[in-house]
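Let me begin by presenting the structure, written as structure tokens, before commenting on it.
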Amino acid sequence: MSATRRWIATAVPGAAALLLCAFLCVPAAAEASRGGAPSFAETERDERLRRLHGAIEAAFLGCHATPLGAAFSKRLKTFLSSRALGVRQGYYGADQALLILRRGFDGRTTLRFKLGALDEGAQQNGRRIVRARWLYREEDGSKSEARLSFTLATEGGDWCIREIRELK
């Protein structure tokens, strides 16, 4: 066997194996890069969700609705149902929801507000449901507790509160 034939006999199978490995590894690497690192849009969306989460905490801890100024949809009405906040079940516009929260916080002091972590919240149709426990004191000194559920949804690239429900 000549030197050329020996070279071909060893080089061709080696090259074929190398090409096969490269061909099989490329889709796996592409898939890992798509699933492994979040895109800029996903990172920005997650940051906006964290800001809304923080605004809900700040509003209830301080018993003032100001941090929730931009938390409600201007397009769709928000469902509110909470005896603790003094609101009858119904759908309210953004300005109405803020007014209801202002009135609900009036004369109260928060003793403890525990809002569930974002990763604990159930995800459903692109929405997040986060539960909270609110322990507050009325002006007359009586303590009360409410269990609330917040439904958060995206709208135009931002997150907003779609529902606030009191759980039984």
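Among the lysines, select those whose C-alpha is under 30 Å from the C-alpha of Lys74, and discard any that sit fewer than 8 residues away in the same chain.
Of all the lysines, those that pass the test against Lys74 - Cα under 30 Å, at least 8 places apart if same chain - are Lys114, Lys168.
So for region 40-167, taking the charge dipole from beta-carbon charges (+1 Lys/Arg, -1 Asp/Glu), which of Gly62, Gly157, Leu99 sits furthest toward the positive end?
My answer, from the dipole projection, is Leu99.
Enumerate the calculated ³J(HN,Hα) couplings along region 90-107 in order (Karplus 6.51 cos²θ - 1.76 cosθ + 1.60, θ = phi - 60°), each rounded to whole Hz, writing x wherever the residue is Gly or Pro.
Taking θ as phi minus 60°, the curve returns x, 9, 10, x, 4, 5, 5, 4, 5, 4, 4, 5, 4, 5, x, 7, 4, x Hz for region 90-107.
³J(HN,Hα) across region 137-150 via Karplus (A = 6.51, B = -1.76, C = 1.60, θ = phi - 60°), whole Hz, x for Gly/Pro?
10, 7, 4, 6, x, 7, 8, 9, 9, 9, 10, 10, 10, 10
Going by amide H atoms built from the backbone, whose H comes under 5 Å of the H on Asp158, apart from near neighbours?
HN-HN under 5 Å from Asp158: empty list.
For Gly93, enumerate residues with amide H under 5 Å from its amide H, sequence gap 5+ or separate chain, H modeled in the peptide plane.
Under 5 Å from the amide H of Gly93 lie the amide H atoms of Thr78, each far enough along the sequence or on another chain.
Since every read-out is calculated from the coordinates, none of them should be taken as a lab result. Note that the coordinates shown come from a computational prediction; the quantities given were computed from them, not determined experimentally. Cβ coordinates were reconstructed from backbone atoms using ideal geometry, including for glycine residues, and neighbour counts include every protein chain displayed.
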